[in-house]
1. May I ask you to evaluate 6.51 cos²θ - 1.76 cosθ + 1.60, the Karplus curve with θ = phi - 60°, for each residue of the stretch 942-954 and list the ³J(HN,Hα) values in order in whole Hz, giving x for glycine and proline?
2. Give me the number: length gained by fully extending L915 to E598, i.e. 0.36 nm times residue separation minus the C-alpha to C-alpha distance, one decimal in nm.
3. Starting from the Cα-Cα distance between R833 and L676, subtract it from 0.36 nm times their residue separation and give me the gain in nm to one decimal.
4. Applying the Karplus parametrisation 6.51 cos²θ - 1.76 cosθ + 1.60 with θ = phi - 60° to the phi angles of the stretch 903-919, what ³J(HN,Hα) value in whole Hz is obtained for each residue in order, glycine and proline being reported as x?
5. Going Cα to Cα from K1014, which lysines come in below 22 Å? Please leave out same-chain ones fewer than 8 positions away.
6. With each pseudo-label sitting 7 Å past Cα toward Cβ, what's the R280-N1029 distance in nm, one decimal?
7. What list do you get for F42, F555, F411 if you sort them by fewest beta carbons within 10 Å?
8. With a cut-off of 8 Å between alpha carbons and a minimum separation of six or more residues, what is the relative contact order of the chain in percent?
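Every number here is computed from the coordinates shown, using simple stated rules; none is lab data. Keep in mind that this is a model prediction, so the values were computed, not measured. Because the Cβ atoms are built from the backbone with ideal geometry, glycine has one as well, and the counts that use them run over all protein chains shown.
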Amino acid sequence: MLLSLPILAQAPLSNKRCKWIIVNSLPQQLDSLTLLPSSVTFQHPKKEQFRFDYNYTSNEFRLTAFPAPDSVATDTLGTMRAQRDSVLVCFRVMPLSLAQPAFKRDITKLELKQSGSGFLQENINTKEEIFRTPGLNKTGSISRGVSFGNTQNVFVNSALNLQLDGKLTDDISITAAITDQNIPFQPEGNTQQLQEFDKVYITLRHRLWQLTAGDVVLKSKPSYFMQFYKNVQGGAFTYKLGEDPKRQGVTTVAASVSKGKFASQIVKPQEGVLGPYRLRGPNNELYIIVLANSERVFLDGVLLQRGYDYDYVIDYNQAEITFTTNHVITKNSRIKVDFEYSDQNYSRGIYHLSHYQNLDKLQVYANYYNESDNPNSLLNLNLNAEQKRLLASVGDSLQLAIASGADSVAFDPAQVLYARRDTVYNSGQSMDRVYVYSNDPEQAHYSVSFTNVGSGNGDYVAINGTVNGRAYRWVAPVNGQRQGSYAPVRVLPTPKKKQLITFGGNYELQKGISFFAEGAASEYDINRFSDLDAQDDNGKGLRVGYVVKEKELAFLGKYKLNSTLNYEYADEFFEPIDRYRPIEFDRDWSLTTTEKAEDHIFNFSVGASQDLNNLFNYRMSRRYRQDQLDGVQHYLDAIKTLDRLTSRNHFFMLRSTQGERESEWYRGDMNLEYKLGKVAPGYVYSFDKNRITALNTDSVIGSAQYFEQHMVYLQSGDTATTRFRVDYSYRTDNFATQEGTLGNKEVGQTYNASLQTRLNPNNDLAILATYRKLSVRNGKDEETIQSRVDWNGSFADGSFKSELSYATGTGRELKRIYIFQETLPGQGTHYLREGGDPNNLNDYLEAQTVDQRRYIKIYLPTDEYINAYTNTFSYRLITSAPRNWRQAPGIKATLSNFSMLTSVSINKKTTDDNLAQRFNPFSQDVEDQFLISLVKQLRHTVYFKRSDPKYGLEYTVQQNEQKQLLNNGTETRNVLNHTAIGRLNLNEVLSSQLSAGYNVRENQSSFLSSKNFKIQAQELSPELAYQPNTKLRFTGKYQYSLKKDVLESAEQSQEAVFHELGLETKLNQVGKRTLSGNIKYVNIAFEGVQTSYVGYEILNALRPGNNMTWSLVMQQRLSNGLNISFNYDGRKANGVGAVHTGRTQVSVLF
């Protein structure tokens, strides 16, 4: 219970919620609690067009009016941008659900009591808290614990969880979340809204100001050049000047320490593969940790939404992104990701200052941002004096910041160390000094760091073996060509500094017409250790123009004028904080170089709009980069609705010159849709034709993309309750050839079908299916099949509740290695067997007792993936007979005694091309060579007379099966349990129970001999309990167990017979204390090798002969909100000394 308190304390105190929903007229449930309709707001460019209806009884929210699905809006450049078919809804909830039945006493509790056995008592105790604070709502706890024992050192652990919400005074309110765990957590990236588990912040709010300290997210305010989003630790203060909004000013000051670094990466996709795709650092770092909620993922230039029900999921710790079946990933998909990753080399400070002032029609603002590493404050980085002198001498030439990765150290058996040797190769003509992995105390005196320098650029490769850690071996060059990917060197990171100052203003000449200007000055120093090459650190930028928004003019009738004109200048040394232009801005100019140059951009747009289905817009852009680019872009958007026919057209054209080459680009989408009541057929013609030729010739030397696509579709109407869409697309791609033409034709055909419907008030169904075939001219055709089915159903007045989710696709499985790392006693999962080698994976076994838990198993990723077909299946069924069957005669009365709970979860990856194997989640055996990954969880329980106070039966079968792909091979684990339990209350003070079980514990490893076993166990256990009153209980138990290793490949059969006799006592005084203790006598008859790996698994940390185990658990309430707990465990194995382990913890509830 005490361990669960920190998690419970994470529940948000605010009743405000925000949720993205799909824009349609179907009823949706925004929250489990009742909404306040007056608090509902929409975050959308056309939010005023949304209307809704809310039903208190069913808790259903329905959009009654909304913009057209393919809505567009004009951005700051004057381009019409498509908006997502979703909207962010923010609302507040009541502290209850009016849709749920309400009662003061649950009548089902009455059925659990025998007539005359007493009264039904309700807990009416007030909330436990040691400090009372009227006006403040608070939850959480603080705990301090000590662990000790005769086989371990004393250590202390702690946890703090506190959340506050309320008013300190009449004018000042506070919101605080303070957590402090020994082990930090990052949330899983499979939902749209993330729950921060290890976040600390305090916010004070006043009518005129706000102060936040702790974990803060710094976001940039409206500014063209100044764009940033940072996760930091520090403080931020905002103050409002003036009461009149027309003359109001807002000042913000922030000082903090950065949690990470900004990075942007282009991900290379594979045909039909949803992922995972690995993110890397800007210096090609393979293993990084992405900061939660910092990523922005773009697919074909469109920003995606995180979540299993949306576009992608992300593993922040592994830095891996996997797309959902809502998208088809092809070899031509464009994937770009902006993110922040954890960087612990230097202490990095971030300082921000801004002021925004309204002066009637004039708005002025200024921003200052500084982000700099402290070269004198190193975190997880070690630099000696020689390395610092090296960094000072290289200036901005960071490719020279390379140092040796070898360091002479004393021998340590727990580290991966190397011996240095001279070796001869190339028939004795060449010699080199190399490092060889060794565990010889006389030779292993070098700790070596290796860096991945790319295939063919290094002399070392990774070792696939049983070493507890990453190890490398030297490979001799062949004909002067290196054969490895790693080198014994360190790339020394440099401390950097980024600074940006912006100042600007906006003047509204009249309603809808405004002029603006913004200037910027930047400083970017990539090596603060050195004063060399500082002439390129400072840069500047400028942007001026005007904007006309929805200006009514008589000659336009119902249409309104929109127009922009602006000029942008940035010198060659200007450096922004984060990206401030669209993600594919340079791509649309055919600009591929990253060299710095002076940049001039001129934009002009003019258009007219009546609504989202009737608008026209034209934009022209001219860009000139000295010695790099000279080009002109043209954009045209035309959307028109004539009765039932809607035409949507978007066109783009580019002509540019880049040095010795020219680029010609034509792109367009033409969409015709005709609404026929409940259905709407349509046709889309798309083309994207880019030719890059040598200057003044027709010879094609490249192309960003060159394709034509035809699509026909049929979809449901906007107001249909059943939403569906089927479409077929035919796409032809051409690629540049060595002959200077466009050829190598590829044809892709894609079929899509989707359905979303409510079968009845208790059944929802959603289906998505995709088939794609890619015909390659000089290769094998490729096929992609992916699908997803979600069904939630309830039958017979809720007696049968079913949830099903099934998805298939093509993904990848990462090869991993694992190591064992020593941790605090009792916090691990494994132990090192007596006399074992710390660097040998064979010598680590799974812990059987608390005192053995000394080592934790850590999985480390490699950079090697295997493509595989993925299959995910999840099903849950809860069954109970209707209540009125209990009084019904015949078979209904009999069936009313039974209830059932079933849950199945399967996630498998296979390389088998057989369709039955790919799509059937239950098809393959775990030993199948095509099955490279499997996670299977099964639980099925049948109850008879579950709530009967006299007797009852239950049967449970449970299986957890897992197969992992490792760098050295595969490892399979299977745990299967069959348990039958029968209980009988003999009288009011005596009760009995009999349980029987059959268990299998199996492990198979292709590279670790100690991990191969299959232990079968049969158990029989009678139990008798004596409970003289509600506070005291005595339980006597006997258990007979037979355990045997039945693996056919085992060299020797090993088995053990266990006889256990135990006594347990439990004292429970409600509101005061809980005390429980047990003692067991265990006799073991064992045949086999006691010191073998299988022997350890069978004996459970005991020895053949007579053994004793005992434990004591006490929880004492000292006062209201103050609790203390004490746990003591001991065991005395035959022939060895006793082992004692104790833990005590004090908890304070807020």
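1. Here the 3J(HN,Hα) series is 10, 10, 10, 6, 4, 9, 6, x, 8, 8, x, 10, 8 Hz.
2. Net length gain for the segment: 108.5 nm.
3. Value of the extension gain: 49.1 nm.
4. 9, 9, 9, 9, 9, 10, 10, 9, 9, 6, 7, 4, 4, 5, 6, 5, 9
5. List returned: K857, K936, K963, K1043, K1044.
6. 7.2
7. By the 10 Å Cβ count, ascending: F555, F411, F42.
8. In percent, rounded to a whole number, it is 7.
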